Each structure stands twice: as C-alpha cells, then as structure tokens.
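Read the structure below first, then the notes.
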Amino acid sequence: MPVITLPDGSQRSFAQPVTVAEVAASIGAGLARAALAGKVDGQLVDTSRTISADAVLAIITDKDAEGLDLIRHSASHLMAYAVKELFPEAQVTIGPVIEDGFYYDFSYSRPFTPDDLNAIEKRMTELAKRDIPVTRSVLPRDEAVAYFKDIGEHYKADIIASIPADQDVSLYTEGAFTDLCRGPHVPSTGKLKVFKLMKLAGAYWRGDSKNEMLQRIYGTAWAKKEDLDAYLFRLEEAEKRDHRKLGKQLDLFHMQDEAPGMVFWHPKGWAVWQVIEQYMRRVYLDNGYQEVRCPQIIDRVLWEKSGHWEHYKANMFTTESEKHDYAIKPMNCPGHVQVFNADLRSYRELPLRYGEFGSCHRNEPSGGLHGLMRVRGFVQDDGHIFCTEDQIESEVTAFNALVLKVYGDFGFHDVAVKLALRPDSKVGSEEVWDKSEEALRAGLRASGLEWIELPGEGAFYGPKIEFHIKDAIGRSWQCGTIQVDFSMPGRLGAEFVDEDNTRKIPVMLHRAILGSLERFIGILVENHAGALPLWLAPVQMAVLNISQAQDVYATQVAETLRSEGFRVHLDLRNEKINYKIREHSMQKLPYLLIVGDKEMAAGLVAVRNRQGEDLGQMSVEALLQRLKSELQTGSSTA
C-alpha cells in the first residue's frame, strides 16, 4: 500500500500500486488533464509509470520548466512521425531538445524544401488533434537492433548497437511510429498544441565531417500561443538587430573568406574598440591589476605542462620551426604564470593581479562561426590573480562587485550568476575540486548573490562562476567568469616564499569581465540596435553646414568639440541639408549639429538628437555642458 508524499508535504495512501496519472486524478480533474509527467523521488517519469512503494511525487505540468522541455522533446518525435508519414523513405537519426526548441536530423534522398516544411507542420497539427496515446515499451538491446533494421531505420540500429549488450532499451510508440528514446514523453499527442517549424540546415551524422551530411529540421514548441508569439517577436527583433548587418550598415567591421573567423575592423568599429579597451584599462589600474603582455606563439612543452595539449589540442592552431612544435595561444594563463615565475615571490606580494588584453586564437569549426559572436581570433580582457587559499574568498567577493559595476556602466543590470562544477575530463584530485568549488560558493555567499549550479560544466583545471547578462530583448549572454585553479600553478612551477620561509604553491584565479572584446561589441551593437550610447558611439555627432557660406564657422565648431575630446564628423559637402540629415540619421549618430546663416550670426548651433527631435538652438558652451552631463549620467567612465 504505497504512501505518496506531495510537494506541499501532504500524503495520500493507496490500497494497491498506482500510476502517476491516477495520483493526479485523485487530486483533481484539472490536474489530471494538465499532467504531462511525474517526478518520483527526483526522477522524471511518464504519467503511466506505476508507483508500488512509498515515494515523493510532484506532478509536472506545462507551468514547470521540465514540462516545457517535455513538450519540446515530444514535439521533436511528433515531427519525426509526420516526416515518416509524408516521406516514408526518410530515415530518422537524432533529435534533442535545444534552447527554445528542438531539432531532428533525417537522411533523405533529396533536400527538403520550405514547402516540405509547411507540409510537415500541417501533418504535425493533424496528428496532434487526433490525441494519439504515447506508450512506452522495453526491449533487450539486440532485439531492438533487429527491430529497427527490419523497418529500415539503420541509423537507429547503429545508435542502439553502441549500447552495452546487457542493457535493455526503451521505445516510445505513437500511432504507427516507434522511436528509440529514454523518455519521458507527454501522455498523448493532444498535449502538443503550440509549435512551429523554423528552418532547415545541414548536419553531419554524429557530428563528424567524414560522415554523411544529414538534413536538420529545427522547430520550436511552447505551452501557450502567446509564448510562441513573444518568441517570434524576439526573433524578429533579433533579425533587425543582427550585428553583422548593422556592422556593414554602420561601417564598423567586415569578415571575409580569406580569414575565416577573423575580424577586419574599420575606423568606426575600432573607435568603439578603443573606448572599451581604455575603459577596461582604467578598471585594471583602479583595482590593483598590473598590465602585462605575453607571446602569441609558445613551445608545445609549456602547453603539455599546463595540460592544454592533452585537453585542448583539437582547438589549438599549431606550427613548427626548427623541429620544434609550437602552438598559437588559445588562452593567456600559462603566459601569466611565466611572468609570475620570472622572480622569486614573497607572500607579502600576494595577491598579485595581472591583466592583459590577450590576443588568442582557437580552431573553431567553420560551421560554428558566427560574426563577432563566434570567431577564431579574439582578444580577452583577461586577468589572473595569484593568491593564498585564505585570500580566495575576499578576491572572489571583490571581483563579484567589480563585474556587476562594469556591467552596470555598460547598461546591463539584469545579471544571472551560475556556478559550473567539475567535468568528467579534468586535472586534479577530488579533494582539490571539493576545496575549489566550496571556495567559490563562499565568495558568492559573501557577495550576497544567488546562483544556480551547473554540474559537469567547469573548465578542465577548475570550477568557475559565470556571469550571464540579459539584453534589451531578453536574450542571455555569458560574459564574465572567475575560476579557481589549484592545479596549473603547480604544474608550471609557480612558488612563493611563505611567512615561515617555506616554498608554497599559489592559488591561481582566472578571471574575465567582458570576455572576448569582439563578442562583447557584437552584444552591445545588438542590445542597442546599433544606436550606441553617447560615450560608446564611434561618431558622437556630425556638424552639417547648410551652404558653403558656413564652412569656416562649421569647422570652428567641430574643432572646438574635438578639443574637448568628442568624436566629431564634419560634413561640408555641397549637398542639400535634408539629404545630409537623412544620411547621418541612418548612421544612428547621437546628435546632429546644423549651422546656417542664422546660427553663424548668433554663434549658435541647431541641435537634433538621434530620435529626430529638434532640441533648438544653443551655444557651443551650452551644448558641451549638455554632452558632459549626459556622459556622467550615462556611464561612470565619463
């Protein structure tokens, strides 16, 4: 007679084994209709799962995060069902849940078309309306392999054949379609009401470019139509804000095939870069960092000692000279250890903080490159802190405060904090990892921050705190990080003389605030839809003359503003003023300053802001006061 404990602590007793669905029905008809799955003693299961012993149970609905994942997971199978009905010769491969949706990869004799996508979505809707039950069965591995071979699903058979022979596998069936899956699933297709197929793409079987190219269909699924509408609106906004389009429109940068994943910065884009770099350089100086610079190419031996050659070689560009193997640095940490090792260090010097605008290169797959967001060559606002164990908490606490201040200066105030824990492939003992992870937790607690933990997502040398900023349309971007490393300093021979005259190995804290400067600029451009705030704008204002009669006066105005440190464009072209205003407005300049005969006679300028508002005439002195005030309120960097 199982006793079921519910999330509110109440209990229900049953005279015989009971399914999750029956427990939901005993609570209420509404919950029974809404139930998508159950969580039994922390494990997610189908509503058909039988509970025969005492258990803690939560009923999962579409209001739960797990419920939305279930909807998307089940929608991917519904899509595969629709594809098989419309294209029986297509073979089904792999189809996971991803952020905001799902995909499934198929092998088929011809490319799918947008018309095919529409037909598949229509068939999915028909299958969903039929409210077909989704049922689970279990087969021994070899029987499952034989089953899928018999129905011509050779990719599925290949996947199952990689499972140990003594294991059973679970299958899910809806109507005439059966698929391999661990589950769980929604109880019936009728639970899937809000979905949309988004796009087609190519994908290699098992992610290996040596294998067959498959066809990937991406889709999205939601609990409510308004959620789908909001998502599609965000996508529409993201399309408008695409930094690659804006980069071309605003003449910031370009990329080309001869240098994949590398950026050609134009003068305006480099102006933005310089503002950000100089800001971060002041952050370094104001917070006790010494700026250093390390070589781009370093002998393989050092990368072997650091552990990168073993754990990261596939992502490293390598070269050879005089029978020596070298790597172009993918990260800056081993170089900073060499700077630390160049002198005998005392405990009195710790914490010792190094910062570098370190140029790094990583051999990212060409298919994963994406404008400034995913590149092969990038610069990090990288820093490393050498300290004692006793200093970790205070250094992490100070960094937490600093990173939030910097994000605030850039206009990002919604920041999520995550703690990434030990991965399977790692260096160092479990004891060291325990100590490292707890040190970061202590720093977060001391900062008064809330966080979520990410098992298995730490770096190979240590756990890390991640800072995720949310942009103007609700997207999250991971930028800052601080990582505790007990391993690399010892591997690379770092030591300091402690108070008792013994040699000790320092702890190394890896930290970055913006991360890749390229990526951060891409985030900024998209966050502001190209209309960067005054302090960041590559050109802060343009001075426009109405006729050649004002050339000298317009030039004097521009020179006065430049002498005050502003980035000013002087447009003396013999064009109509409306044309010039329209053209510069397209460049999203914060201000346009127009001078005609009246302005020249009175020593004034007519001012228009980026929103097209006429702010009236004002003296250059009054304008400067306004600009400086805006800089002070817009960012503490002014």
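Figures for the structure shown
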item: Evaluation of Pro88 against (1) outside any helix (DSSP H, G or I); (2) closer than 21 Å to Lys129 by Cβ; (3) out of contact with any helix residue (DSSP H, G or I) (no Cβ under 6 Å at 6 or more places or on another chain) (one fails), failing number; result: (2)
item: Inter-residue pairs, beta-carbon under 7 Å, first within 17 Å of Gln215 (Cβ to Cβ) and in segment 116-139, second basic (Lys, Arg) and surrounded by 15 or more Cβ atoms within 10 Å (Cβ to Cβ), 6+ apart; result: Glu121/Lys196
item: Restricting segment 611-631 to residues that are touching a strand residue (DSSP E or B) at 6+ places or on another chain (Cβ under 7 Å) and not in a strand (DSSP E or B), the residue that is surrounded by the fewest Cβ atoms within 10 Å (Cβ to Cβ); result: Val620
item: Total residues in segment 34-73, condition of a type in the set (S, T, N, Q) and under 31 Å from the mean Cα position of the chain (by Cα); result: 2
item: Wholly enclosed strands (runs of 3 or more DSSP E) of segment 300-379 bearing at least 1 residues polar (S, T, N, Q) and over 21 Å from Ala512 (Cα atoms); result: 317-321
item: Residue that is surrounded by the most Cβ atoms within 10 Å (Cβ to Cβ), among those in segment 427-451 that are outside any helix (DSSP H, G or I) and without any contact (Cβ under 8 Å) to a residue 60 or more places away in the chain; result: Gly428
item: One residue from Gly565, Gly612, Gly596, Gly603 being of a type in the set (Gly, Ala, Ser), within 30 Å of Tyr279 (Cα to Cα) and touching a helix residue (DSSP H, G or I) at 6+ places or on another chain (Cβ under 9 Å); result: Gly612
item: Near pairs, Cβ below 7 angstrom, 6+ apart or cross-chain, from segment 49-66 (touching a residue at least 40 places away in the same chain (Cβ under 8 Å)) to any residue that is loosely packed, with under 14 Cβ neighbours inside 10 Å and not charged (D, E, K, R); result: Ile51/Pro17; Ser52/Pro17; Asp54/Val3; Ala58/Pro7
item: Long-range neighbours under 7 Å by Cβ, at least six apart or interchain, first residue among the basic types (Lys, Arg) within segment 566-580, second assigned to a loop (DSSP other than H, G, I, E, B); result: Arg567/Pro538; Arg567/Val539; Arg567/Gln540; Lys580/Arg573
item: Leading residue by the ranking (farthest from Leu627 (Cα to Cα)) among those in segment 581-600 that are part of a loop (DSSP other than H, G, I, E, B) and free of Cβ contacts under 8 Å to residues at least 60 places away in the same chain; result: Gly596
item: Residue, farthest from the chain's Cα centre (by Cα), within segment 331-376, restricted to residues that are among the small types (Gly, Ala, Ser), within 30 Å of Lys245 (Cβ to Cβ) and surrounded by fewer than 18 Cβ atoms within 10 Å (Cβ to Cβ); result: Ser359
item: Gly95, sole failed condition from (1) buried (at least 19 other Cβ atoms within 10 Å of the Cβ); (2) in contact with a Pro (Cβ under 9 Å, 6 or more places away or on another chain); (3) in a loop (DSSP other than H, G, I, E, B); result: (2)
item: Arg136 vs. criteria touching a Phe, Trp or Tyr at 6+ places or on another chain (Cβ under 8 Å) and either of a type outside the set (Gly, Ala, Ser) or modelled with pLDDT under 95 (or both); result: yes
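The values are calculated or read from the model by the stated rules, or taken from the named source; none is laboratory data. Just so we're clear, the structure is a prediction, and the values are computed from it rather than from any experiment. So basically every Cβ, Gly included, is an ideal-geometry build from the backbone, and we count neighbours across all protein chains shown.
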